[in-house]
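Please read the structure below before turning to the comments.
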Amino acid sequence: MKELYSVRMRAAAGGPHEEGGRHISGAERLVPEGDVRQVVGAMLDRALNHSRGRPDFINLTLEALPAERVLTVPLLPIRTLAVPDLVAGRRAALNLLIKAGVVRCAAERALTALQALPDSMRGAMLLSAATGERLDGYGGRGVRVTRMDIHPASRLAVREALTSYGLGNNHVLEAGILASKVVSAPGVVAELCWSDDPDYVAGYVAIATCYTRFSYLKPYGSPIGGRAFFVREGTDINATISYLQEQPVLVVPGEDWCVVPEAGEARWNF
Ligand code: WAQ
Ligand code: MG
């Protein structure tokens, strides 16, 4: 492959993010030159038609990256846990985090911190998997994962696989790509996420081997989403942050990649 272009968008209302504007929408792609025009147009449409409101500030960034800088990582398999409500979803997510090596009080602190956010951040909180202490110094902005996408040769097949399970919306593919990069970062044990789109109630926990969706992880109508990345004790935080924010990554489904059909909580034996 020749050069790839990182195409990034962030939109806010009430001025730019850095001047206190409210985050509306963001998007990340890493595409061949021939796709740039279409991707920019789609991002603009998305920023201007968002359920979080109408932005008055949109920043679009294009950056050419030499192919040799791009790292390839596996796309996580995607499974869904159907839960009856928010409480059951959060309990199941908590249990999975603990099983992945996050200390219970750290996982509980993360859930509390995400629930207590006054509004959505643009990025994620980096937390200690041992204590839940916040480790990044990015405050209300958080750590923004950029320069990642699915490998262009796999995009269509993965989209079709997701669509055949009723998961053809943008959220699942985009979150699967982001989570696959996040768990490939040095020291990251797990990620917890729910959307900031008011009508999107599903969320997920990602660990090194799987992306597990929970059908309810936030209340319907809430515009407050969030992400927490848990890192192991002794991790070089600066290296982790620079990987997440700067390392170009293409995500590729391995031969055994799959969408695991929906299953009830009991089958998964947490
Ligand atoms: N880097 C770090 N954090 C981000 C990024 C990023 N590139 N993009 C979004 N966030 C944070 C930010 O705090 C947002 O408020 C929050 O995540 C949610 O972002 O399997 O749609 O783009 O059905 O609203 C999860 C479930 C959907 C998908 C996630 O996230 C599924 C979603 P959103
Ligand atoms: Mg959103």
Taking amide H positions as placed 1.01 Å from N in the peptide plane, with prolines and chain starts having none, which residues 5 or more places from LEU30, or on another chain, fall under 5 Å of its amide H? VAL7
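Run through the DSSP bridge list for the chain and note the antiparallel percent, rounded to the nearest 5.
In the chain, DSSP labels about 65 percent of beta bridges as antiparallel.
Could you tell me what percent of the accessible area of the range 72-269 is made up of carbon and sulfur, with a 1.4 Å probe and every protein chain present? Show your work: numbers first, answer last.
Working: 4390 of 8100 Å².
Of all accessible area on the range 72-269, carbon and sulfur atoms account for 54 percent.
Only Cα pairs under 8 Å and at least 6 apart count here; give the relative contact order of the range 4-69 as a rounded whole percent. Mind showing how you got there, number by number?
Numbers: 127 pairs, mean separation 31.0, N = 66.
Contact order relative to length: 47 percent.
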Provide the per residue accessible area, probe 1.4 Å, for the range 72-269, rounded to a whole number of square angstrom. 41 Å²
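Tally the DSSP beta bridges in the range 4-69 and give the antiparallel ones as a percent, rounded to 5. Could you put the intermediate results ahead of the total?
Working: 19 of 19 bridges.
Counting only bridges with both partners in the range 4-69, antiparallel ones make up about 100 percent.
Lys and Arg at +1, Asp and Glu at -1: add these up for the other residues within a Cβ distance under 15 Å of SER154 and post the number.
Values: positive: ARG29, ARG155, ARG159, LYS181; negative: ASP35, ASP149, GLU160, GLU174, GLU255, ASP256.
Local charge sum for SER154: -2.
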Hey, can you grab everything whose amide H is under 5 Å from the amide H of LEU75? Only 5+ residues off in sequence or another chain; H modelled, so Pro and N-termini drop out. VAL252, GLY254
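The values are calculated or read from the model by the stated rules, or taken from the named source; none is laboratory data. From a predicted model like this one, the values you see are computed outputs, not experimental measurements. Glycine gets a Cβ as well: all are built from the backbone with ideal geometry, and neighbour counts include every protein chain shown. Heavy atoms of the whole protein, side chains included, go into the accessibility calculation; ligands, DNA and RNA do not. Shrake-Rupley method; radii C 1.70, N 1.55, O 1.52, S 1.80 Å.
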